[in-house]
1. When a footprinting reagent is the concern and you count Cβ atoms within 10 Å, what order do T31, T71 take, fewest first?
2. Distance in nm between label sites at V51 and E85, each 7 Å beyond Cα in the beta-carbon direction?
3. For N12, what is the net charge nearby, where nearby means another residue's Cβ is under 12 Å from its Cβ and Lys, Arg count +1, Asp, Glu -1?
4. Between beta-carbons, use under 13 Å as the cut-off and find the net charge around G30, counting Lys and Arg +1, Asp and Glu -1.
5. Report the local net charge at V74: Lys and Arg +1, Asp and Glu -1, summed over other residues whose C-beta lies under 15 Å from its C-beta.
6. Run the numbers for S43 and A77: contour at 0.36 nm per residue of separation, minus the present Cα-Cα distance, in nm.
7. Please give, to one decimal in nm, the separation of the simple spin-label points placed at N70 and I32, each 7 Å out from Cα toward the Cβ.
8. Under a Cβ-only charge scheme (Lys and Arg +1, Asp and Glu -1), can you give me the dipole magnitude of the stretch 1-69 about the Cα centre, in debye to the nearest 20?
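Every number here is computed from the coordinates shown, using simple stated rules; none is lab data. Quantities reported herein were computed from a predicted structural model and do not represent experimental measurements. Because the Cβ atoms are built from the backbone with ideal geometry, glycine has one as well, and the counts that use them run over all protein chains shown.
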Amino acid sequence: MTSSTSVIQVTNVSPSSTAEQMRTLFGFIGTIDELRLFPPDDSPLPVTSRVCFVKFHEPESVGVSQHLTNTVFVDRALIVVPFAEVNKAIAEPADV
């Protein structure tokens, strides 16, 4: 399956999960260019659930990573979906 994006969104991430744990889990699928976990590990706010974005080097890893949907990680079943990347030139307003 070919994908037009190399980014996935992972929701229903346990509040006790760390960015390093997510990097280890998805690192088995493919080379990770970037990983962001929200709220961050050092957030002082109380958290009930977290969201993770993973950018793979190879877009093919997106399709493979979707097979981890419903995998229980720590204490929650993960939900993995492709995330459309926005072209920066389109996202930024034009100077008028």
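1. Working: T31 9, T71 12.
By the 10 Å Cβ count, ascending: T31, T71.
2. 1.9
3. Numbers: positive: R50, R76; negative: D75.
Here the count lands on +1.
4. Details: positive: R23, K55; negative: D33, E34, E58, E60.
Net charge around G30: -2.
5. On the way: positive: R23, R50, R76; negative: E20, D41, D75.
So the environment of V74 carries a net charge of 0.
6. Details: separation 34, 0.36 × 34 = 12.24 nm, distance 2.25 nm.
Using 0.36 nm per residue and subtracting the Cα-Cα distance, I get 10.0 nm.
7. 2.5
8. 160
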